[in-house]
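Working notes, structure below.
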Amino acid sequence: MNRTSLRVMSPSVFLLFILLAGCGGDPTPGGGAPAPLSATPKIAVIVSTLNNPWFVVLADTAKEHAGRLGYDVTVFDSQNDPAKEAAQFENVIASGYAAVLFNPTDADGSIANVRRAKEAGIPVFCMDREINATDAAVSQILSDNYSGCVALGQYFVKQVGESGKYVELLGLVGDNNTWNRSKGFHSVVDRYPELKMVAQQSADFDRAKALEVMEAVLQANPDIDAVFCGNDAMAMGAYQALVASGKDKRVKVFGFDGSEDVVKLIAEGKIVATGMQFPKLMARTAAESADKYLKGDRDFPQKTPVAVELVHQGNVGKYGDYGRKEAE
Amino acid sequence: MTSGRRRLIICSTAMGSAAVLLYFMPLFHVVPLEVAGQRSVAATFDPVAFVDSFWTERLLPSADRAVDVATLVAAVREDRQAAKRAHGRSVGLGGVYYYFVAGTGRVVAVEKNSVGLAVLDGEQQVQVALETGNIFGNTLRDGTGLLDVNDIANSQDFNALSSEINGRIEREVLPSLRSMAVTGATIRFVGCAEIVDEDTDLQPLRIVPFIAETP
C-alpha cells in the first residue's frame, strides 16, 4: 500500500471507528440466543454485598431454595462495587448460567448488566433492590420501603415527640431504597417543624462506616435525641457509637431491615424500632419465578412489592429470624 | 527518516490514541427508541400533573365502585377473612390489605385527628373514623386499585404520587370535613382504609377520604 492510499484511508477508518464505538456503548434489549444449559442447569445469585448479615440471609435463602428446585447455584459477591458487579455478569454470561437472581448495587448503574444478560438469553430476577428500567429484568420483587418508613416515621414521632434533634444515616446514595426510605420517613417527620435534623450523612449501609460517622456526628452534636438509620447494620454501628460515648440510654435508635441482632436489641429495649423486610420471602419468590420461567412460564408482573412491617417493643415477640415467626 | 514519513507516523499515532480514547469514552451511544423514551419519561415525570388528571378523570368517577360501608362493617363483624376475600384488595406480597369504601354515617365523636361515625342503624359506637389530621402513606394510592406500581417507571416516582394525593386531600377535602364535623351531623364519604393489623385496624375502620360532604 503506498503512502497516498494510507493518507486517504486512515481518516476513513478513524471515522468508521467512531461510529462503531458509539454503537457498542450500550447494549440493546431483546432476546439473544439462549445460553447452553448443562445437564444440571446453573443459577447465579449475584448479591450487592455479603458484608451485611441481611444480604447473607437473602443470598443463602436464594441459593438454598434454587438448590431445592434442582439447580446448581453459585453466589457472587459484588462487594457494593458496580465494577465488580459488571465483572460478575460477564463471568455468568460466559459460563452458561440459566438465570440470575440479582440484588443490584445501583438502580441506574446496574441496568446495563441486566440488559447484557437479557441479550445473552439469561433471565434476571431482581430481589429487594430496584433497577430504574421496566424492560430489562423479568421481574423485580421489592420491599415497599416507602410505606415501611412512613410507619417508622409515625412511630418515631410517637416515641421522640413532636420536638427534638435527630440525625439521619443514609445508605448508598445510588440505591433507590436509600431514598424511598428517607422520603417515607421525611414525609412524616418533616410535618413537625420542631423536630430538627441536625445531620444527614451517608454510611453506605455499612456498620463500620456508621460507627465512624456517628462518632463524628456526636462530637459536633452531643445533645441529639434520636438517630434514624436507613438499615439495621447502620443502626448497630450507631448504637455502638452511642454506647461508647455513654449516650445509649438517652438517644433513641431506629433501624430498618429486621435483622436478627436488631430485633434482639429491640426486645431488650436498647433499640426502639425497625422495619421488618422479608428477605427469605423475597429470595424464595425470586427462585420460584426463575424456575417457572425456565419451565416456560412468561406471565410475571414486572414489580411485586413486599409489605414491610413495623417492629417495636410492643410486638417484637411476633418476629424473629428475618420475618414473622408464624409466617416464615 | 523523511519529514513526510515522520508526519505520517505522528498523524497515525495521534489517530490511534484518539481511537483508543473514543473506544472507552464514545461521543454518543446508540440506544433503541423505547429505551430512550423510557429515560425521557422517567426524567420528566410530573406527579402534580399526573394527580391532576388522575383525580378528576379516574378517582372521582370511581366512587360508585366502592363497597357500601354498612355492608362492609357487618361483613367484618361476621367473618374477617370472608370480608377480606369479598371486599379487600392486596398489593404484592405480605399481610397488608385495603378496603375501598363509601357510605353515610352520623357523627358521634370528634377527635383531634379524626371524626368518628356510626354507620349502622341504631348504634352509637364509632364504626368508622375519617382521618382529619396529616395524611401519610399509600392508603389512597393503593386502596382503590386504580394505580399500579407497574405503570410507573420507578418506585420513587410512584411514591411521589402518594405525597401528591395526600397533599391534595389535606388541601381540598379535609378543611370542609372538619367544618361539618359536628356531633349529630350526617356525612357522606368515599375513601380507603389500610389494614395492617386486623386486631386494631378493623374497629374502627380508619378511612382516608377523598370525598366528604353533607348528603
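None of the figures in this text is laboratory data; all of them are computed from the coordinates on show. Computed from a predicted model, the values in this text were never measured in an experiment. All Cβ positions, glycine included, derive from the backbone under ideal geometry; neighbour counts span all protein chains shown.
Tabulated results
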{"quantity": "Distribution of pairwise C-alpha distances over the range A:174-244, 5 Å bins, in %", "calculated": "3, 16, 26, 24, 20, 9, 1"}
{"quantity": "Sites B:GLN203 and A:GLN219, calculated FRET efficiency, Cβ-Cβ separation with R0 51 Å, nearest 0.05", "calculated": "0.55"}
{"quantity": "At R0 = 56 Å, FRET efficiency that the Cβ-Cβ distance of B:THR183 and B:MET15 yields, to 0.05", "calculated": "0.05"}
{"quantity": "Most fluctuating residue given options B:THR44, B:THR132, B:THR186, as computed from a GNM of chain B linking Cα atoms under 10 Å", "calculated": "B:THR44"}
{"quantity": "Ratio of Rg to Rh over the protein assembly as shown (Cα coordinates, Kirkwood Rh, two decimals)", "calculated": "1.06"}
{"quantity": "Between 0 and 90°, nearest 10: helix A:232-244 axis offset from chain A longest Cα axis", "calculated": "40 degrees"}
{"quantity": "The range A:275-319: proportion of alpha-carbon pairs further apart than 15 angstrom, %", "calculated": "56 percent"}
{"quantity": "Sparse-neighbour loop sites [trypsin sites (Lys or Arg not before Pro); the range A:282-328; at most 16 other C-beta within 10 Å; DSSP]", "calculated": "A:LYS295, A:ARG298, A:LYS325"}
{"quantity": "Cα-based convex hull, the range B:47-213, per residue volume (Å³, whole number)", "calculated": "108 Å³"}
{"quantity": "Helix axis angle, A:145-160 relative to chain A longest principal axis, alpha carbon, degrees", "calculated": "20 degrees"}
{"quantity": "Top positive-direction residue, dipole computed over the range B:91-204 with Cβ charges, set B:VAL196, B:GLY105, B:VAL149", "calculated": "B:GLY105"}
{"quantity": "Gap separating the Cα centres of the range A:287-328 and the range B:46-79, nearest whole Å", "calculated": "27 Å"}
{"quantity": "Among A:GLN200, A:THR274, A:ALA226 - extreme Cα towards positive end, dipole of the range A:162-305, charges at beta-carbon", "calculated": "A:THR274"}
{"quantity": "Nearest 10 degrees, 0 to 90: helix B:3-24 Cα axis against chain B principal axis", "calculated": "10 degrees"}
